[in-house]
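Asker: Here it is: the structure, laid out below.
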Amino acid sequence: MTPIQPLSDAAFVLALGLFMLAPLAIAGVALINTGLGRSRSAAQSLLGSLAILAVSAIVFSLIGATFAGGPGAASHTILLSGKPWGWFGAGPWLLGGLNAAPSHAQLVLLFEFLAVALAALLPWGSGADRCRLLAGCAAAAILSSLVFPLTAHWIWGGGWLAQLGVNFQLGAGFLDGGGAATVNVLGGVSALALVWIAGPRRGKFPKEGLSTALPGHNAVYVLFGCLLALVGWLAWNVAGAVLFLHAPLSALPVTAVNTLLSAAGAVAATFAVTHVRFGKPDASLCANGWMAGLVTSSACAGLVTPLAAIFTGLVAGIVTPLLVELFELALSIDDPSGAIAVHGAGGLWGLLAAGIFAPQPGQLVAQLVGIATLLGVVLPLVYLLFWLLNRMLPFRVDPDGERIGMDLQELGGGAYPEFVIHRDESYR
Amino acid sequence: MTPIQPLSDAAFVLALGLFMLAPLAIAGVALINTGLGRSRSAAQSLLGSLAILAVSAIVFSLIGATFAGGPGAASHTILLSGKPWGWFGAGPWLLGGLNAAPSHAQLVLLFEFLAVALAALLPWGSGADRCRLLAGCAAAAILSSLVFPLTAHWIWGGGWLAQLGVNFQLGAGFLDGGGAATVNVLGGVSALALVWIAGPRRGKFPKEGLSTALPGHNAVYVLFGCLLALVGWLAWNVAGAVLFLHAPLSALPVTAVNTLLSAAGAVAATFAVTHVRFGKPDASLCANGWMAGLVTSSACAGLVTPLAAIFTGLVAGIVTPLLVELFELALSIDDPSGAIAVHGAGGLWGLLAAGIFAPQPGQLVAQLVGIATLLGVVLPLVYLLFWLLNRMLPFRVDPDGERIGMDLQELGGGAYPEFVIHRDESYR
Amino acid sequence: MTPIQPLSDAAFVLALGLFMLAPLAIAGVALINTGLGRSRSAAQSLLGSLAILAVSAIVFSLIGATFAGGPGAASHTILLSGKPWGWFGAGPWLLGGLNAAPSHAQLVLLFEFLAVALAALLPWGSGADRCRLLAGCAAAAILSSLVFPLTAHWIWGGGWLAQLGVNFQLGAGFLDGGGAATVNVLGGVSALALVWIAGPRRGKFPKEGLSTALPGHNAVYVLFGCLLALVGWLAWNVAGAVLFLHAPLSALPVTAVNTLLSAAGAVAATFAVTHVRFGKPDASLCANGWMAGLVTSSACAGLVTPLAAIFTGLVAGIVTPLLVELFELALSIDDPSGAIAVHGAGGLWGLLAAGIFAPQPGQLVAQLVGIATLLGVVLPLVYLLFWLLNRMLPFRVDPDGERIGMDLQELGGGAYPEFVIHRDESYR
C-alpha cells in the first residue's frame, strides 16, 4: 500500500477540471481513426467508438474498478523476497463509497475511466474496415474487465511495478505519469493482437505485386483530430503529473510545454523523413508522427527538460514512419490507424526515455522491468484472450460485407448518403 | 431569497474554468443538428446556430438577465398560504454591478448565458431544412427575453419551484443541477411547439404510403458531435453541482463518472433496441440515445449512485428510439434532430428519476410539481408565443425555397460548392 | 522591470487549466482556414498548421523565449529621458530554470508558446491555395524567433510599451490582456506582408471583369471552427486577464461574458450588413465577423462593461465585411481567410476601444502609441524579413502546381480521395 499524498484543493480542482477536458483525447483519436479508414466505414467506425466508450465505462464500473484498486485501497499481495507485492486490487464493488474515498483515490478512479476507454479504442482503429461492432465491443469488455485493471493496478494502483522503488530501490518505481503504458502500450499491443488474429483487409496484400495503398478517406478529420488530441494530451499529462508523479504546481507549466514540444519535434522529424524518402511529406504519416510525439510525452513530459522533450519527440518522429513501413511491407501487418507503431512503439520509447532522462538512480531498470512486463506478460495475455474471443465471436465480417463496406453491412446505411463517392475498382 | 453559499476560491475557479469549456456542449449539439439535416441546408443550419447564440446572448444581457435574477438577488414575490413565492426576478438592468455581485451569483449568471443559448438551439435543430433564419432568431429572442428567464428564476434563481423545499418541506425544492429542466426540457418543448406550428418537411409524409426516411447527410458530424457534447456535459454537470446542489468538492468526481455512465448506459440500450427491432443498430438513433443519456444525467448525475446512473441511462436509451418512432409514425411529427424525444423527454425522465433516487423525503413530489409546471405552463406559453410570432414572421420558407434547400434559398450558396451531391428525386 | 504579482494558488490553477484549453483557438482557426480554402488544398492547409505549430514551438523554445523574457526577468534596457526602457528580453537560454521561475512568469511563458503559434498561423491562412509548406514554416520561424519575441517583450514582458504607464503616466501602460496586439495584429500584419509579396491566386483577378469569387470549400468547417474558437478565446481572455490585467477572481466572469457578447454583437452586425448589401446574409463573411468580434474582445473583454462589449462587437461586425470587400475589390488583395481584416483590423479596433473605454487617464494615448508601433515598426519589419525570405525560398508554388492544387503538388495526394469533386473550369 502506497501512502496517500493529500492533495491541496487547488491541485484537486485542477486535476478534476482537466479530466473534464481529457475526453478530447478520445474524440481526437476517434476522429483520426475514422479519417484514416474508408468512407464506406466511417459511420461504423465512429459508432463503434461510442459503443466501445460505453462498454468500457460500464464494464469498468461493474468489474474492472474493483481489480484496479487504487492508491491507498486494499490489494491482494504476494510475499516475495520478504516483501509484499500487489498483484490485483481489492477495491469496493460497484464504486461503493467513492464519495468518501480520499480525494486522490477519487481522481485516480476518474482518470482510469477515461484511460480504459482510450486504450480500448486503439485496437478498434487498427481493425478498421473489416471488424464487427459486436466483436469490437467484446474486445473492449475484455480489456476493461481484466487486462487494463491489472495493468493499472500494477502501475497506478500501488501494485508491484510501482513498488519496485520501495521494495528494490529502483528509482521511484515504474513511472507512467500520463498513461504511456496503461493506455498507449496496452492499446498498441492489443491492436497488434487484433490485427494478427483478424488479418489484413481484402485487397491490401494482393497475391502478386506490392501492397495496395488504401489512403484514409478524409485527411481533414485526421489532421484536425491531431489538434484536438493535443488538448486532450495536455490535460492528461498535467493531471497525471499531479496524481502519479506528485508534481508540485510549479512543475506543471513545464509538463505542458514538454507535451507540446514532444509533438512538435515528432511531426517535424516525420515531415523531414517522409520528405526525404518520398520526395514529398506524407500527411497521414505526419499525423502518425505527431501522435507518436504526444504518446512519448505521456511518459516523459513530467520528468524531462524541454530540450529532452524535443529530442524524445524527434526520435519518435523518425522511428514512427519507418515502423509503419516495416510493419506493412516486411511483416504484412495491415494497421490502418497505425496504432501499433504510434501508440505501442511510441509508448515504449517514451517509457524507456523516461528512464534514461530521469535523475534518480535505478529508474532506467524500473522502466525496463515495466517494458518487459508489457511485452512479455500483457501482450501474450491479450493475444490469448482475443484468440479465444475470435473463436466465439469472430472479429471479421464476411468478404461480401467487407466489399460493400462496414456501414452498409453493419448499419444498413452509409455515413454520407448525399455525396457521390468514387467507385473503387480495387474492391470489385 | 435563498441564502447564498459563499464559494471557496477552489470551487469558484473550478466552476469558472468549466464554464469556459461548456460551450463545447453547444458546439456538439450544433454539429449534430447539421449532420442530421440535409447537405443543402448545412451552412444555414450552422450559421443559424451562431446567430441564435448571438441573439440569445445579447437579448439575455439586455432584458432576460434582469428577470432571471439570481440567488440572493431581489425577486418579485407573491404571498400565498402565508409564504412568499418568487415569481420573476428583479435583478439590475444591463448586468449592472456584476463585478460586485457575490461570486456565486456571478457564476450563476455566466451559466445562464450558456444555458439560454443551448435551449434556444434545440428548436432550431427540429425545424431544420424548412425554417427561416430570421424566424429562428426571433424565436431565440422570445426564449431568451422571457421564457428562459422565468423558468430559470423559478428553478435556479431562488423562485417558487426552488422554494418548494423551504416553504412546503418538499425535499430540497425542485432540483435541476445541470439544466435538465431549464435547458433541455425548455428547449424540447419549444421544439415541439415549433414543429407543430411549422409542420413537416415537404415529402416527409406523402399522401400515400409510409413516411419517407430522410437520413442525415453526415453521420460523422453527428457521432463526433456526441463526443464533443460529452465534454460539454461533463463541465456543465460538475459546475452545476457546485452551484445548484451545493456539492462539496469530494462529491464531484462521482458526478463526472455518473455523467459518463448515463450516456454509456443509454447508447448501449439504444444499440440493443435498434439491433433487435431493425436487425442492425441505427447510427443516428444511437446518437439520439447517447444524447438522451447525457440529458438525463443533467438532472441526476449529482444526486445518484453510479449504478443508478447506468440504470437511468438504460431507460433513456430504451425509450428514446421508441419515442422517436412514435412521434414520427403515430403523430406525424417531423423532428430531424430528435430534440423533442432526446432533450424534452430525456430531461423529463431525468427530473423524475432524480426525485425517485434522491434520499430526501418529498423530493419526488417537488420534481413532479416542476414537471407539471414545465408541461402545463411552459409548453403552452411557448406555443402561444411561437404561434403569435409565426403570424408576424412565418417560420417556414416557401415550397420552392425548401426544394432548392435552405443554403441556396437563404444564403445564396451551398456549404459544399466543390463536392458532387446526389440528385434527390424525392424532392422533385 | 515590472514588480511581479504573486498569484494565489487558485488563480494559478485557473490560468494553467485554461491554457490547456487555449489550443482550441488554434484548432478553430486552422479549421476555418481549411474550410475557406479549396478542397484541393485542404490537407496541405492543415498539415501546414501542424507544421507551423511545431516550428513555432521549437524555435520559440530554442531562441524566441530568451528574447521575449518575461515579467520579472532581466531585460536589455536603454536609458531615455532618464528612464530605463526595456528593448529586448534577456531570459535564460533554452527555458533553463523554468521550474524555479516565479509562477507568474511560468504561466506567461506558457501563454507565449500558444500565442506565437496562433500568430504564425494567421499568414498561412491568408496565403492559402498558393503558398508552399516550407516557406510557410520559414515564415513561422521568423515570427517566432524574432518578431513575436520583441513584440511580446514590449507588451507582455515588461518592455517599453508596458512601461509607458510607470515612465510616462500613460494609464497602466499599453494594455493587451488577451493577445489582440501580440497575436492578432502581429498575425494580421504578417498576413498582409505575405499576400503583398506572394500575390493573389491564379484566376482571382482576371485581366478583364470583376474579381472571381472563390468560395471556401466547406462552410461547416468554417462555422464550426467559429464555435471552437469561442472556447479558445474564452480561455485565452480569462487567463490573460489574470496574468496581464492582474484581475481579481471576481472580475473574471464579466470578462467571459464580454467575450461572448463581443462575438455576438459582431456576428449580428455582419449578418445585418451583408443582408442589406447582398439581399441575403453571407455565411463566410458572418464567420469573419464573429471572429473579428472575438479578436476585439482580446483587447477589451477585461476592461469594459457588457454594454460596451456589445458595442465594440457591433463596430467590428460592421467594419469587417466592408474591409474584406475593400481589400479585395479596391486593393486587389487576395486574402482567402480574411485574416488581414479579421485579426489585423479587428485587433487594432479592440486596442483602440480599450483605450476609449478604460477609465484610467492617459490610457488612450498609451494604446495609440502601441498601435503606431505595430503599424510603423512591426509591419515594416515583417515585410522586410518576409521579402528577404521570399528571395531565398519563394512563398509561391509554380503555376502548374497551383492549378492541380496544393495537395497534389506538395503532398502527392488529395484530402478526399473517395469523394467526387466538381471540375473547376475557371482553373483550366
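The values are calculated or read from the model by the stated rules, or taken from the named source; none is laboratory data. Treat the numbers as computed from the prediction; the structure is a model and nothing was measured. With ideal geometry, Cβ positions are generated from the backbone for all residues, glycine too; neighbour counts draw on all protein chains shown.
Asker: For residues that are under 19 Å from the mean Cα position of the chain (by Cα) and surrounded by fewer than 24 Cβ atoms within 10 Å (Cβ to Cβ), scanning just region A:316-330, find the one that is nearest to the other protein chains (Cβ to nearest Cβ). Can you show your working first?
Answerer: Taking region A:316-330 as the starting set, the residues that turn out to be under 19 Å from the mean Cα position of the chain (by Cα) are A:316-317, A:319-321, A:323-324, A:327.
Next, from what is left, pick out any that are surrounded by fewer than 24 Cβ atoms within 10 Å (Cβ to Cβ): A:319, A:323, A:327.
On the way: A:V319: 17, A:L323: 20, A:F327: 20 Å.
Ranking the candidates gives A:V319 first.
Asker: From the list A:A269, A:A256, pick out the single residue that is under 26 Å from A:S126 (Cα atoms), of a type in the set (A, V, I, L, M) and surrounded by 24 or more Cβ atoms within 10 Å (Cβ to Cβ).
Answerer: Working: A:A256 fails: under 26 Å from A:S126 (Cα atoms).
Residue meeting the stated conditions: A:A269.
Asker: Separate question: What's the number of the only condition in (1) surrounded by fewer than 23 Cβ atoms within 10 Å (Cβ to Cβ); (2) within 14 Å of chain A (Cβ to nearest Cβ); (3) among the aliphatic types (A, V, I, L, M) that C:M406 fails to meet?
Answerer: Among (1) surrounded by fewer than 23 Cβ atoms within 10 Å (Cβ to Cβ); (2) within 14 Å of chain A (Cβ to nearest Cβ); (3) among the aliphatic types (A, V, I, L, M), the lone unmet condition for C:M406 is (1).
Asker: Related question: With the condition kept exactly as written, say whether any residue in region B:59-69 is touching a strand residue (DSSP E or B) at 6+ places or on another chain (Cβ under 7 Å) and at positive phi. Even if it seems obvious, please write down each step before you answer.
Answerer: Restricting attention to region B:59-69, the residues satisfying the condition of being touching a strand residue (DSSP E or B) at 6+ places or on another chain (Cβ under 7 Å) are B:66-69.
Adding the requirement that they be at positive phi leaves B:69.
Yes, region B:59-69 contains a residue that is touching a strand residue (DSSP E or B) at 6+ places or on another chain (Cβ under 7 Å) and at positive phi.
Asker: Residue by residue through region B:240-253, note down the ones that are assigned to a helix (DSSP H, G or I) and either more than 10 Å from chain A (Cβ to nearest Cβ) or surrounded by 24 or more Cβ atoms within 10 Å (Cβ to Cβ) (or both).
Answerer: Filtering region B:240-253 for residues assigned to a helix (DSSP H, G or I) gives B:240-244, B:249-253.
Hits for region B:240-253 are B:G240, B:A241, B:V242, B:L243, B:F244, B:L252, B:P253.
Asker: Among the helices (runs of 4 or more DSSP H) confined wholly to region B:108-213, which include 3 or more residues that are within 14 Å of chain C (Cβ to nearest Cβ)? Don't jump to the end; show me each part of the working.
Answerer: On the way: elements: B:133-142, B:148-155, B:164-168, B:186-198.
So the answer is B:133-142.
Asker: Right, next: Can you name every residue in region C:208-226 that is surrounded by fewer than 24 Cβ atoms within 10 Å (Cβ to Cβ) and closer than 25 Å to C:L303 by Cβ?
Answerer: Passing the criteria: none in range.
Asker: Now for a separate question. Quick one: would you say C:L109 is under 21 Å from C:L62 (Cβ atoms) and under 16 Å from the mean Cα position of the chain (by Cα)?
Answerer: Values: under 21 Å from C:L62 (Cβ atoms): yes; under 16 Å from the mean Cα position of the chain (by Cα): no.
Criteria not met by C:L109.
Asker: So if I check each of B:I26, B:I58, which one is under 19 Å from C:L223 (Cβ atoms) and in contact (Cβ under 8 Å) with a residue 12 or more places away in the chain?
Answerer: Values: B:I58 fails: in contact (Cβ under 8 Å) with a residue 12 or more places away in the chain.
Going through B:I26, B:I58 in turn, the sole match is B:I26.
Asker: While we're here: Which of the residues that make up region A:387-403 are assigned to a loop (DSSP other than H, G, I, E, B) and buried (at least 20 other Cβ atoms within 10 Å of the Cβ)? Quick ask: steps written out before the conclusion?
Answerer: Of all residues in region A:387-403, those assigned to a loop (DSSP other than H, G, I, E, B) come to A:393-395, A:397-398.
A:F395, A:V397, listed by residue number.
Asker: How many of the residues making up region C:96-107 are hydrophobic (A, V, I, L, M, F, W, C) and not in a helix (DSSP H, G or I)?
Answerer: Just the residues of region C:96-107 that are hydrophobic (A, V, I, L, M, F, W, C), to begin with: C:98, C:100-101, C:105, C:107.
Subsequent filtering for residues that are not in a helix (DSSP H, G or I) retains C:101.
Looking only at that region, the number is 1.
Asker: To continue, here is another question. Taking the residues in region B:88-97 that are touching a helix residue (DSSP H, G or I) at 6+ places or on another chain (Cβ under 8 Å) and surrounded by fewer than 23 Cβ atoms within 10 Å (Cβ to Cβ) as candidates, determine which candidate is nearest to B:F60 (Cα to Cα).
Answerer: The residue in question is B:L94.
Asker: Give me a count of the residues in region C:223-254 that are under 19 Å from the mean Cα position of the chain (by Cα) and β-branched (V, I, T).
Answerer: 2
Asker: Inspect region A:87-95 for any residue being at the interface with chain B (Cβ under 9 Å from one of its Cβ atoms) and at pLDDT 95 or above and give the result as yes or no. Reasoning before the result, please.
Answerer: Within region A:87-95, the first condition is being at the interface with chain B (Cβ under 9 Å from one of its Cβ atoms), and the residues that meet it are A:94-95.
Still in the running and at pLDDT 95 or above: none.
No, the conditions are met nowhere in region A:87-95.
Asker: Additional query: Looking only at region A:274-305, count how many residues are at the interface with chain C (Cβ under 10 Å from one of its Cβ atoms), closer than 26 Å to A:P359 by Cβ and buried (at least 24 other Cβ atoms within 10 Å of the Cβ).
Answerer: Here is the first cut: in region A:274-305, the ones at the interface with chain C (Cβ under 10 Å from one of its Cβ atoms) are A:274-275, A:278-284, A:286-287, A:289-290, A:293, A:305.
When the remaining residues are screened for being closer than 26 Å to A:P359 by Cβ, the result is A:293, A:305.
Next, from what is left, pick out any that are buried (at least 24 other Cβ atoms within 10 Å of the Cβ): A:293.
Total satisfying the criteria: 1.
Asker: If you don't mind, another one. Just for region C:60-80: of the residues that are within 21 Å of A:G293 (Cβ to Cβ) and away from chain A (no Cβ under 11 Å), which one is surrounded by the most Cβ atoms within 10 Å (Cβ to Cβ)? Quick ask: steps written out before the conclusion?
Answerer: Residues of region C:60-80 within 21 Å of A:G293 (Cβ to Cβ): C:60-65.
Retained after the next criterion (residues that are away from chain A (no Cβ under 11 Å)): C:63-64.
On the way: C:I63: 17, C:G64: 28.
Result: C:G64.
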